[in-house]
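In what follows, a structure is listed as structure tokens, so that the remarks can point back to it.
The values are calculated or read from the model by the stated rules, or taken from the named source; none is laboratory data. Predicted model only: the values in this text are computed from it and were never measured. We place every Cβ from the backbone using ideal geometry, glycine too, and count neighbours over all the protein chains shown. Accessible surface areas use protein heavy atoms only, side chains included; no ligands, DNA or RNA. Shrake-Rupley method; radii C 1.70, N 1.55, O 1.52, S 1.80 Å.
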Amino acid sequence: MSSQEKNNYVHTIDLLRGIAALMVCYFHFTSNTAHYGSYLPDGNILKTTGSYGWLGVEIFFVISGFVIPYSLYNSNYSLHKVFSFLKKRWLRIEPPYIVTIFLILINWKFYGWLWAYDVDIDWKQVLSHFIYIPQFIGYPWINEIFWTLAIEFQFYLFIAISFVGFNHPKKLIKLLTCALFILPHFVFNDNRLVFSYSSLFLLGISAFWYRTQTIGKGIYSLLVIGFTVLATLQFPKENITIPLVALVTSVIIAFVNFRSVVGQFTGKISYSLYLTHGLIGGNFLLFSMYLEQVKLSEVVRSILIFAAIFISIIFAYIFYICVEKPSQNLSKNKPIKLHFGKLNSKINQI
């Protein structure tokens, strides 16, 4: 990271990313179901609190609404850099995503071998994942979390073209660009499209404007109130849950700059954790149910939820070093280096 990048870095983002990823893990593990039924019974305190963990996805969308335009702003982005930007984003997120897809396919084959049933892989379905379109051509996602990556990539496409408007010195042009982001939702109302989540990204963009001193505190306050109201219209079934979480996330990004070792670590591995937690922690919980003492004890299963989170974090760190970090270097045109000796020493320190 260059000295300029360090000066511009908002450390709170690391902590928020880590929290969001852990929330999603907690949700999936506490709400985990398989052929044996629910891992935790209704009324269990972990299952009750974990039922809100899906809100980590909305936090991620607000974060992206801030981070992407903020990085474009600091790199003096202009339209002629559009393909360079998209190439860098693709190299940043695609390799870990593709590796995860193939790990899932291996996992499927393992299940087939273990329980003696045939596993047929539809390669059209798999290939459609590479460009984030399975839901548009009638295929399900092979992992339920992947729909969020499709929304993220649509946002990259939109912001690459519209950033000139969002970054225009005239506030009227900014507002018109916001309108272009909002209106398609009310025309198509299709939750496969990024426009259905525009309120969340715009709450992040509002924090970007405030952080770069493009707008003052008063206008920022008016904007976040407006975009929070918009969120209530876009997510009517959730009452105020999503709008409130998104609003709080935007305010934290705008006004707080908190740095911590925990935040740095969890933020660094958040994408790897998000991608792989189901494979690692999910399988751990699945196979734990083959132990009689686990089946019979709700307390033991509750403890194993945290064990699943812990081993998912360990694997996410390994995945980060071996897959995500080289992908990051590739997106920055840096040489790819794998230091397995260094990885060994770091794992021993965890």
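For the stretch 137-146, does any single residue satisfy the condition of being among the polar types (S, T, N, Q) and either assigned to a helix (DSSP H, G or I) or out of contact with any helix residue (DSSP H, G or I) (no Cβ under 8 Å at 6 or more places or on another chain) (or both)?
no
Could you give every pair whose Cβ atoms fall below 7 Å, whose first residue belongs to the stretch 72-96 and is under 15 Å from ASN333 (Cβ atoms), and whose second residue is crowded, with 17+ Cβ neighbours inside 10 Å and of a type in the set (Asp, Glu), counting only separations of at least 6 or pairs across chains?
Once the first residue is under 15 Å from ASN333 (Cβ atoms) and sits in the stretch 72-96, no partner that is crowded, with 17+ Cβ neighbours inside 10 Å and of a type in the set (Asp, Glu) comes close enough.
For the stretch 121-130, check the following and say yes or no: at least one residue is within 30 Å of VAL245 (Cα to Cα), modelled with pLDDT of 95 or more, open to solvent by less than 50 Å² (accessible area, probe 1.4 Å) and in a loop (DSSP other than H, G, I, E, B).
The answer is no, given that none of the residues of the stretch 121-130 is within 30 Å of VAL245 (Cα to Cα), modelled with pLDDT of 95 or more, open to solvent by less than 50 Å² (accessible area, probe 1.4 Å) and in a loop (DSSP other than H, G, I, E, B).
Has the stretch 49-68 got at least one residue that is at pLDDT 90 or above, among the charged types (D, E, K, R) and farther than 22 Å from TYR197 by Cβ?
Among the residues of the stretch 49-68, not one is at pLDDT 90 or above, among the charged types (D, E, K, R) and farther than 22 Å from TYR197 by Cβ, which makes the answer no.
Given the criteria touching a residue at least 40 places away in the same chain (Cβ under 8 Å), crowded, with 22+ Cβ neighbours inside 10 Å, within 30 Å of ILE98 (Cβ to Cβ) and aromatic (Phe, Trp, Tyr), does TYR197 qualify?
yes
Taking only the stretch 296-350 into account, find how many residues are modelled with pLDDT under 90 and within 19 Å of GLY18 (Cβ to Cβ).
Residues that pass the stated criteria total 4.
Search the stretch 147-175 for residues being part of a helix (DSSP H, G or I), of a type in the set (S, T, N, Q) and touching a residue at least 40 places away in the same chain (Cβ under 8 Å), and hand back the single one that is nearest to SER78 (Cα to Cα).
GLN154
Can you tell me which residue in the stretch 215-256 is surrounded by the most Cβ atoms within 10 Å (Cβ to Cβ), limited to those that are part of a helix (DSSP H, G or I) and at pLDDT below 95?
GLU238
Kindly state which helices (runs of 4 or more DSSP H) lie completely within the stretch 257-319 and contain at least 3 residues that are open to solvent by 40 Å² or more (accessible area, probe 1.4 Å).
261-277, 292-296, 298-319
Among the numbered conditions (1) among the polar types (S, T, N, Q); (2) closer than 28 Å to VAL323 by Cβ; (3) open to solvent by less than 30 Å² (accessible area, probe 1.4 Å), tell me where THR177 comes up short.
All conditions are met except number (2).
Please list, ordered by first then second residue, the pairs with beta carbon atoms under 8 Å, 6 or more apart or interchain, first in the stretch 29-43 and over 10 Å from MET289 (Cβ atoms) and free of Cβ contacts under 8 Å to residues at least 24 places away in the same chain, second open to solvent by less than 50 Å² (accessible area, probe 1.4 Å) and among the basic types (Lys, Arg).
Filtered contacts from the stretch 29-43: SER31/LYS47; SER38/LYS47.
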